[in-house]
Amino acid sequence: MGTMRAIKCLGFGHQHRLETDIAIPKPRAGEVLVQVDASGICAADRAMWDGTAPWALPFPFTPGHEFTGTVVGLGEGAGARHGIKVGDRAVAELNITYGNDFFRQRGLYHLSDTMDVLGATLDGGWAEYMIYPADAVVHKVPDNLSNDAACFTEPLANAIHGVERADITFEDVVIVSGAGPIGMGMLQAARLKTPRKLILVNPGAAKRTLGLQRGADMAFHPDDPR
């Protein structure tokens with residue numbers, strides 16, 4: 001299959017290394033091999049680099065859990081299992097559970113007995129190629145969606161999940177505190193719930209201006225006395 005470049009995390013605290021001669025993985029039954037088109041950097045990835053991550057992880061591994069890729073190989077039965085073919089662009093949900101399709105298909109990963117995570121316990125998207133496991137939930141990327149937008153699927157899913165859990169109603173006044181990628185996603189998702197008032201709080205003026213353009217009724221600096 002040849003070799004590829006990938007970032008390996010050897011431990012927390014500035015222990016990342018670019019390796020240039022890693023064997024391209026071969027997909028086993030049910031698995032999907034993708035050529036990575038884009039991969040993001042999450043605050044969790046930054047915590048690994050800074051050494052502030054509170055988790056125990058099996059080193060070494062390839063980080064990157066915000067990703068999208070083009071299918072270049074399919075293990076036995078993978079095409080039918082995931083509804084994709086070679087040449088399709090696809091994203092995979094990063095949490096991989098085993099043996100309980102009910103929880104996996106509903107995103108209730110925390111109720112499963114066992115779980116792996118792409119970009120943490122399994123190799124992720126900071127590589128030229130990566131494997132989507134047989135038990136991953138894989139989604140085909142629409143042709144009209146850019147790679148950058150497809151890469152944003154995972155953080156946007158977090159934003160939408162938070163808004164859904166908030167159970168916003170017509171009379172609610174909603175405050176989104178922080179206009180990072182997930183905060184801006186929550187702002188736009190909350191706008192679709194048509195609350196009585198939608199307020200953004202963020203220090204940076206540029207993000208406040210963007211928030212007003214994306215649906216906020218008001219936008220304030222956190223130190224604004226008004």
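Values quoted throughout were computed directly from the atomic coordinates according to the rules given, and no laboratory measurement underlies them. The model shown is predicted, which means the values in this text are computed figures rather than measured ones. Neighbour counts are summed over all protein chains in view; Cβ atoms, including those assigned to glycine, are modelled from backbone coordinates with ideal geometry.
For the stretch 156-220, a simple Cβ point-charge model (Lys and Arg +1, Asp and Glu -1, everything else neutral) yields a dipole of about 200 debye relative to the Cα centre. Residues whose amide H comes within less than 5 Å of that of T3, counting only those at least five positions distant or on another chain, are I24 (H built at 1.01 Å from N in the peptide plane).
Legend: ranking of residues W55, W49 from fewest to most surrounding C-beta atoms inside 10 Å; resulting order W55, W49. Annotation: peptides 126-133, 177-184, 141-148, ranked by per-residue average of other Cβ atoms within 10 Å with the highest first, follow the order 126-133, 177-184, 141-148. Residue ranges 214-221, 115-122, 64-71 sort as 64-71, 115-122, 214-221 when ordered by packing (mean number of other C-beta atoms within 10 Å per residue, highest first).
A convex hull fitted around the alpha carbon atoms of the chain yields 150 Å³ per residue. Dipole of the chain computed with +1 at Lys/Arg Cβ and -1 at Asp/Glu Cβ about the Cα centre; of F220, L118, A157, farthest Cα towards the positive end is F220. Taking 0.36 nm per residue of separation and subtracting the current Cα-Cα distance, fully stretching the chain between V72 and A47 would add 5.8 nm. Placing a pseudo-label 7 Å from each Cα along the Cα-to-Cβ vector at R165 and Q35 gives an inter-label distance of 3.8 nm.
Using a 7 Å offset from Cα along Cα-Cβ at F220, what residues in the stretch 187-204 end up with backbone N under 15 Å from the label point? Flagged as within label range: 197-204. Percent of Cα-Cα pairs more than 20 Å apart in the stretch 156-220, please. Value for the stretch 156-220: 16 percent of Cα pairs lie more than 20 Å apart. Between the residues A29, A92, M130, the greatest Cα displacement towards the positive end of the dipole of the stretch 3-151, with unit charges on the Cβ of Lys, Arg, Asp and Glu, is found for A29. Residue exposure proxy: D172, D45, D88, ordered by other Cβ atoms within 10 angstrom of their Cβ from fewest to most, comes out as D172, D88, D45.
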